[in-house]
Amino acid sequence: AMLCVVYYYCHYVGHDRRLDEWVRRRQCQMYSASAEQEVSPRAAAEGKGEGTGARRATRNLKRRYEQIHNVAGNLEDLPEIDQKLEKEHEENTKVKYIQTIHFGRFELDTWYYSPYPAEYGQASHLYVCEHSLKYFKHRQSLLAHRERLLIRNPPGDEIYRGEALPPGAPGAGKYGAPAISMFEVDGARAKLYCQNLCLFAKLFLDHKTLYFDVEPFLFYVMCERTPEGEYELAGYFSKEKNNPLNENNLACILALPTHQRKGYGSFLISFSYELSRCEGKVGTPERPLSDLGKVSYRSFWRKRVIRHLASNKGSISIQEVAETLAMLPDDVVETLQDLGLVSYWRGQHIVNATSKVIEEHCKLLGEDNSIQVQQDRLIWTPRMWPPNNN
């Protein structure tokens, strides 16, 4: 007789969906709802669980908890249309079939659902080419693809070729800067690659809606150059091209799990502002920001604004800060408000901080260990792209 193994899809209530997993029947213990004792982090943030001694959090404590621990807000707190979209998103992505992927020299656990075609999207394991991002169900298919592959770098223009720097060198960060290259890939010219990139990225991003309509976007792909001359994908960000109606310089961003905790997220954000500076305009990320995106940008803006204020003696206007840093003035004001360094006088916001207060903020930030964009290594000229006729 054939042995049948039963699996259950398990979602942990109140926790991020990246923890979802398939578990065997024997790993499950059935119990009644009344037996639940533990209070989840989200429930604690919402002030639930009074029966277990937890006290109801005030609105400010709840907001602070959510910001620090990256806890998603309560669904009922969202506007009605956002509640509907969120429910549709949860319904469409509630089951994650792909559990692991083989990617170059890495074996990765996936975090979220991604809409790969049915034949692949319901497989528990996929093989993804680290160069073309083409996906396969079998290892032999991947090996055969690699043998036929002629180009082993992203299909775009290499607009940045950073130099490897030792630890302690200016702009190298705490652990040194690896040799980084940035490629500008046109979604209209390299449609398949960009679609594969979006599908791959969705495995590690919860709220992402761009998968197949990639033609209106540019993708800035970050690679580490290995001693063997290979280009190893480390992350990317995308932005809409030829849109004069907004100032968005970034639509989606991802540092791969294989290259996280290296400061690459901050580097990608900084690179997006460097492109805005080259265009002679200010930039801002596309809204709404994800919970993690808010945390990343708040941290980036604070460091950027404080260090700029510290390097400028005397009075300085918000507009001057915005133009120098290529930041949207509203983002500068929001950052200064978070830091308590802004006042409203005669109908406008002004910087209100003494040199001593700025110095104290700098001490709290500590040394700048982020990897800096080497401006002399950026070779890029803004241009108008042909309109998308699809």
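Computed as a quarter of the hull surface, the mean projected area of the alpha carbon convex hull for the range 88-169 stands at 8.8 nm².
From most to least packed by mean Cβ count within 10 Å, the peptides 184-190, 148-154, 318-324 give 184-190, 318-324, 148-154.
Is the shape of the range 167-240 best called rounded, prolate or oblate, per the rule: a/c under 1.5 gives rounded, else a/b larger than b/c gives prolate, else oblate, with a ≥ b ≥ c the square roots of the Cα gyration tensor eigenvalues? Here the range 167-240 falls in the prolate category.
Shown for the range 98-251: the carbon plus sulfur share of the solvent-accessible area, taken with all protein chains present and a 1.4 angstrom probe, equals 52%.
Counted by Cβ distance under 13 Å from Tyr220, the other residues give a net charge of -4, where Lys and Arg count +1 and Asp and Glu count -1.
Per-residue extension of 0.36 nm, minus the Cα-Cα distance of Glu119 and Glu334, leaves a gain of 72.8 nm for this segment.
If you plug the beta carbon distance of Met384 and Lys191 into 1/(1 + (r/R0)^6) with R0 = 25 Å, you get a FRET efficiency near 0.80.
3J(HN,Hα) along the range 138-150, derived from phi through the Karplus expression 6.51 cos²θ - 1.76 cosθ + 1.60 where θ = phi - 60°, amounts to 10, 5, 5, 5, 5, 4, 5, 5, 4, 5, 8, 6, 9 Hz, with x in place of Gly and Pro. Selection among Leu143, Gly187, Asn153 by position relative to the dipole of the range 136-193 gives Leu143 as farthest towards the positive end (Cβ unit charges, Cα centre).
Within the shell defined by Cβ-Cβ distances under 13 Å, the residues around Leu149 carry a net charge of +1, with Lys and Arg each +1 and Asp and Glu each -1. When Lys and Arg each count +1 and Asp and Glu each count -1, what net charge do the other residues less than 11 Å away from Glu230, Cβ to Cβ, add up to? Net charge around Glu230: -1.
The values are calculated or read from the model by the stated rules, or taken from the named source; none is laboratory data. Please read all numbers here as calculations on a predicted model, not as lab measurements. Cβ atoms come from the backbone with ideal geometry, glycine included; neighbour counts cover every protein chain shown. Just so you know, the surface numbers come from the protein's heavy atoms only, side chains and all, with ligands and any DNA or RNA stripped out. Shrake-Rupley method; radii C 1.70, N 1.55, O 1.52, S 1.80 Å.
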